[in-house]
Amino acid sequence: MNLDENLNTENIIYEDGDSRQVELRVIPPYDIDGITLICNDCRTAMQDLRPVDWVITDPPFSADYGFANDNLSANEFYNFTVSWIRKAERIAKIGLIIIVDPKYCEPFYKIVSMPYHHTYTWFKRNAMRGMQGGFANKTEVIVWTERKPAKIDAYPNDVWEIPLIPQDVPHPTPKPTKLMELIITKFTYEGETILDPFAGSGSTLRACLDLGRKAVGIEIDKTYYEFIKQRLSQTTMFV
């Protein structure tokens with residue numbers, strides 16, 4: 001599978017020499033109360049971003065859930081992950097926090113160059129059997145890396161029980177806003193800037209908006225981009 005088969009493409013040569021066909025969208029950024037949302041491939045968008053304090057994200061891990069860059073060969077997935085992580089590490093002043101299925105953790109541990117600190121477990125009591133059958137997928141891991149000391153509780157519990165979102169949303173793997181709020185309040189200070197290069201259903205951005213953090217979100221899919229805009233404009237809390 002071509003990494004960019006879902007994009008209207010133009011050839012781009014990245015800073016690391018990686019030449020790929022990627023989309024250059026003409027959709028203007030959406031801004032609201034310190035939150036900026038960009039519709040683009042994050043590998044392109046991150047090249048022009050100013051430094052942020054944190055990168056906090058739930059990236060594709062090639063589990064074939066139906067969104068961009070989530071059904072790749074092992075080699076394609078590795079190269080894709082190296083590309084976005086290297087760009088994220090260049091602009092993250094403090095650290096990266098990555099949410100990932102335990103089954104797919106290994107590439108991220110190998111690729112991230114920032115010092116590894118800890119792994120937290122998100123326990124989803126109400127999770128049903130996974131989309132691809134097999135064992136019920138009740139947990140995901142939150143990988144914490146940083147290059148300098150961050151705000152964190154002295155002895156935080158490393159298992160966080162937060163239910164999945166009960167509503168239907170136009171995204172196969174939406175993260176609960178409560179989960180993102182917990183991550184943001186434990187690791188970041190009010191006023192810091194957070195980047196989510198895979199904004200998805202918009203939970204990170206919505207949590208940042210509610211908690212007084214600045215944020216930049218990048219989402220490649222126009223449908224999800226429009227949904228996030230709706231979430232950011234809502235006055236009632238989305239779970």
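Could you tell me which residue of the stretch 99-130 is surrounded by the fewest Cβ atoms within 10 Å (Cβ to Cβ), considering only residues that are touching a strand residue (DSSP E or B) at 6+ places or on another chain (Cβ under 9 Å) and among the aliphatic types (A, V, I, L, M)?
Among them, the one singled out is MET128.
Restricting to the stretch 203-225, and then to whatever is charged (D, E, K, R) and farther than 22 Å from ASP48 by Cα, can you tell me which residue is surrounded by the fewest Cβ atoms within 10 Å (Cβ to Cβ)? Please lay out each step first, then the result.
Of the stretch 203-225, the ones charged (D, E, K, R) are 206, 210, 213-214, 219, 221-222.
Subset that is farther than 22 Å from ASP48 by Cα: 206, 210.
On the way: ARG206: 23, ASP210: 14.
Filtering first and then ranking leaves ASP210.
Scan the stretch 202-222 for residues that are of a type in the set (Lys, Arg) and not in a strand (DSSP E or B) and jot them down.
Of all residues in the stretch 202-222, those of a type in the set (Lys, Arg) come to 206, 213-214, 222.
Hits for the stretch 202-222 are ARG206, ARG213, LYS222.
List, please: which pairs have Cβ atoms under 7 Å, are six or more places apart or on different chains, and start with a residue in the stretch 176-193 that is farther than 14 Å from ALA215 by Cβ and touching a residue at least 40 places away in the same chain (Cβ under 8 Å) and end with one that is assigned to a helix (DSSP H, G or I) and not acidic (Asp, Glu)?
Qualifying pairs under 7 Å: PRO176/SER203.
Regarding THR173, is this residue among the polar types (S, T, N, Q), within 26 Å of GLU219 (Cα to Cα) and at pLDDT below 85?
Details: among the polar types (S, T, N, Q): yes; within 26 Å of GLU219 (Cα to Cα): yes; at pLDDT below 85: yes.
Yes: the conditions hold for THR173.
The values are calculated or read from the model by the stated rules, or taken from the named source; none is laboratory data. No experiment lies behind these values; they were computed from the predicted model shown. Here the Cβ is made from the backbone with ideal geometry for all residues, glycine too, and neighbour counts use every protein chain on show.
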